[in-house]
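First comes the structure, then the notes that go with it.
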Amino acid sequence: MTVETRVSDPRGAAKTSSRQEGPGGIWDSVKKTVVVIGSGILFLAAFSNSLTWHLQRFWGASGDFWQNLWTKLFVMFEGHDATLFYLGTMLLPTLAFWGSNGLLLLVDTTGKPSFIARYRIQVDKNSPVDPAKLSHAVRNVIFNQVFISMPMVVAVYYLMSLRGNPCGPELPTFHWALMELAMFSILEEIMFYYSHRLFHSPSLYKHFHKQHHEWTAPIGIVSIYAHPLEHVISNMLPVVLGPVILGSHLSTTSMWYCLAFISTTISHCGYHLPFLPSPEFHDFHHLKFNQCFGVFGVLDRLHGTDTKFRQTKQYERHTLLTSLTPLNESVPDTPKKGQ
Ligand SMILES: [Zn+2]
Ligand SMILES: [Zn+2]
């Protein structure tokens, strides 16, 4: 399925880049992707090797702590593996999602604390957010979570149980968990990029993806404000397939789901906050529609779908903010010049 979208998408979607690429260009990009991702895996393997070596002092000591904690849970839920699985893959990620979004919504609806509001990327937008638009989005998000995500996680449990017990008595090693998270991220980048570009082809865009783009200045919950079909294909599958393919342990799966929810919330939140990953990339996608389709930007670079982005102020600001000065103050807009 991934292969299919990979082939069909760049021909149908995003006119500007398909014109540049042509069929040979696409092959070239695919080869480059393989090289970049392949060397990425090698680099991560080497990096996590040395990182693990250093962290073992901390983790090695606390490793027993986590294993003991897991053993307690394992014994407590003995015979109720499904319950334990759903607590880790539904309840925990949902709490992570609504916990982070609850805080963001406070700022979006009240503009307070003004300290946070200063970090808004699109300065004049959502201050405060339109209540009718917001409540419509909240209802759609809850619908997607209850009627799409939850049944999909049930299916994931049955698929994972077919090939082993995702709630086994032994935790994976720290090293392996890191490796799995890296592989999940690569798979997510590939699946999200190509399915997202496919949803930007005119016919699919009109019927499905337009809804997500109603928000040209997104807020946190907009991350899963989408047509149900898009929610299945672009939001859920790229995230849930990794652990199914690798037959991961519940602990890694749960951590991955929480990370995925939190990172997509940050990408949409509309604030470039200190010490958090930069949301400029996806915020720019909502602003301009035909740029920045991926999660990490690797495939956008390879397919040339970030060329306009790389000429903007937003690109200059697309970095980890390590001071308290908002980036639109330290990297101000050039006065009145069409981008
Ligand atoms: Zn989005
Ligand atoms: Zn889009």
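Every number here is computed from the coordinates shown, using simple stated rules; none is lab data. Quick caveat: nothing in here was measured; it's all calculated off a predicted structure. Counting neighbours? That spans all protein chains shown, and the Cβs are built from the backbone with ideal geometry, glycine included.
Can you list residues from other chains, or at least 5 along the same chain, whose modelled amide H is less than 5 Å from the amide H of residue 271?
121
Give me the distance in nm between label points sitting 7 Å out from Cα along the Cα-to-Cβ direction at residue 331 and residue 64, one decimal.
Between residue 331 and residue 64, the label points sit 4.7 nm apart.
So which chymotrypsin sites (Phe, Trp or Tyr not before Pro) in the range 241-337 pass both tests, a DSSP loop state and at most 12 other Cβ atoms within 10 Å of the Cβ? List each step's numbers first, then the result.
Numbers: sites: 256, 257, 261, 271, 275, 281, 284, 289, 293, 296, 309, 315; in loops: 275, 289, 293, 296.
When the chymotrypsin sites (Phe, Trp or Tyr not before Pro) of the range 241-337 are filtered for loop state and at most 12 Cβ neighbours within 10 Å, 275 remain.
According to a simple spin-label model (label point 7 Å from Cα along Cα-to-Cβ), what is the distance in nm between residue 313 and residue 87?
Between residue 87 and residue 313, the label points sit 5.0 nm apart.
Which net charge results when you count Lys and Arg as +1 and Asp and Glu as -1 among the other residues whose beta-carbon is under 13 Å from that of residue 243?
Here the count lands on -1.
Filter the cross-link list 288/313; 112/133; 206/288; 133/308; 210/308 down to pairs whose alpha-carbon distance in this structure exceeds 18 Å.
On the way: 288/313 14 Å; 112/133 20 Å; 206/288 16 Å; 133/308 29 Å; 210/308 21 Å.
Over 18 Å Cα-Cα: 112/133; 133/308; 210/308.
What net charge do the residues around residue 107 carry, taking every other residue with its C-beta under 12 Å from that of residue 107, with Lys and Arg at +1 and Asp and Glu at -1?
So the surrounding residues net to +2.
If I take R0 = 35 Å and measure r between the Cβ atoms of residue 80 and residue 124 in this structure, what FRET efficiency does the formula 1/(1 + (r/R0)^6) give, to the nearest 0.05?
Working: r = 52 Å, r/R0 = 1.48.
Here the calculated transfer efficiency is 0.10.
Kindly give the semi-axes, whole Å and largest first, of the ellipsoid equivalent to the range 63-274, taking each as the square root of 5 times a Cα gyration tensor eigenvalue.
Numbers: eigenvalues 209, 85, 48 Å².
Equivalent-ellipsoid dimensions as semi-axes: 32, 21, 15 Å.
At a Förster distance of 51 Å, what's the computed FRET efficiency of residue 71 paired with residue 132, Cβ-Cβ distance as r, to 0.05?
The value I calculate is 0.55.
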